1. Report the paramagnetic label zone for Ile77: residues of the stretch 19-59 whose backbone N is under 12 Å from a point 7 Å from Cα along the Cα-to-Cβ axis.
2. Using only alpha carbon positions, build the gyration tensor of the chain, then give the equivalent ellipsoid semi-axes as the square roots of 5 times its eigenvalues, largest first, whole angstrom.
3. Report the trypsin sites (Lys or Arg not before Pro) located in the stretch 1-72 that are in a DSSP loop and have at most 12 other Cβ atoms inside 10 Å of their Cβ, or state none.
4. Are any of the pairs Lys11/Lys89; Lys4/Lys94; Lys64/Lys89; Lys19/Lys89 more than 28 Å apart by Cα-Cα distance, and if so, which?
5. When the expected Rg is taken as 2.2 N^0.38 Å, what fraction or multiple of it is the alpha-carbon Rg of the stretch 1-66?
6. Give me the number: length gained by fully extending Ala100 to Asp28, i.e. 0.36 nm times residue separation minus the C-alpha to C-alpha distance, one decimal in nm.
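Derivation of every value follows stated rules applied to the coordinates shown; laboratory data play no part. Note that the structure is a prediction, hence the values are computed from the model and not measured. Here the Cβ is made from the backbone with ideal geometry for all residues, glycine too, and neighbour counts use every protein chain on show.
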Amino acid sequence: MLPKVLRIVGKNYAVEKMKLADNYGLCDDQIQTIKIAEDIAHGMERDTLLHEAIHAIDYCMQLKMSERQVCGLGTAIYALFADNPELVKYIMEKPKKHVANPAKEPVTKKRPTRRSK
Ligand SMILES: [Zn+2]
């Protein structure tokens with residue numbers, strides 16, 4: 001089911017399905033809304049949602065991506081997920097034991113602190 005909200009770089013983007021004349025999707029960063037055409041095929045809908053999410057990421061991160069880059073990345077990420085369901089499960093896996101911040105190495109040595117007098 002199409003999510004009603006996407007959390008994109010700390011911002012909530014409403015996702016709406018509607019009739020769109022000339023586009024499969026639209027991303028409006030001013031009102032944080034992604035619109036998806038209601039009459040498109042299963043795969044195209046997902047590809048389009050990723051595409052519009054990448055537009056939002058591009059805006060939030062000031063990447064200045066071209067339409068061609070957004071298009072290529074959206075389609076490639078969709079294909080990567082569709083072709084590798086185990087990858088999606090792996091990425092979403094919770095850590096086995098509770099670690100406060102699994103991305104960080106445990107601090108074993110005290111860092112030297114610099115103090116101004
Ligand atoms: Zn686009």
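1. From the stretch 19-59, the list is 47-59.
2. 35, 20, 14
3. Listed in order of number, the matching sites are Lys4, Lys19, Lys64.
4. Details: Lys11/Lys89 24 Å; Lys4/Lys94 24 Å; Lys64/Lys89 31 Å; Lys19/Lys89 33 Å.
The answer is Lys64/Lys89; Lys19/Lys89.
5. 1.04
6. Residue separation times 0.36 nm, minus the Cα-Cα distance, leaves 22.4 nm.
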